[in-house]
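Bear in mind these aren't lab numbers, they're just calculated from the coordinates by the rules spelled out. Just so it is clear, the structure is predicted and the values come from calculations on it, not from any experiment. Virtual Cβ from ideal backbone geometry, glycine too; neighbours counted across all protein chains shown.
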Amino acid sequence: MDTVSNTYPALAFPASELSAFAVTIDCFIISLKNGTVISFTPDDLGEFYHWLIIHNIRDIHKKETKKETPSVTNSSNGWKGLFKKLK
């Protein structure tokens, strides 16, 4: 593992191009900063995971997401607003 040059063996992208990742059984699903999603199966899962964490690549399973408030509770009509006819 080469943490100095920002690269991992057999991975075609440097850490600076990676945005986030998820792990499935033996494969990493990686989102690139340009919006592309790739899959990568490293020889050593633990070492690659550690490399991602060292380079501050976000593990989507570790971060809590912000809960969205339903738009109905934000309206002044509440649930009754759902039953108004559209004009």
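Phi-derived couplings, Karplus 6.51 cos²θ - 1.76 cosθ + 1.60 at θ = phi - 60°, listed residue by residue for the stretch 52-57: 4, 5, 4, 8, 6, 8 Hz, with x used for Gly and Pro.
Spin-label pair Leu45-Asn6: with each label point 7 Å from Cα along the Cα-Cβ axis, the two points sit 2.9 nm from one another.
Converting phi to 3J(HN,Hα) with the Karplus coefficients 6.51, -1.76 and 1.60 and the offset θ = phi - 60°, the stretch 26-42 yields 9, 10, 9, 9, 10, 9, 8, 5, 8, x, 6, 10, 10, 10, 8, 10, x Hz in sequence order, with x at every glycine or proline. For the stretch 1-62, the spherically averaged projection of the C-alpha convex hull amounts to 3.8 nm².
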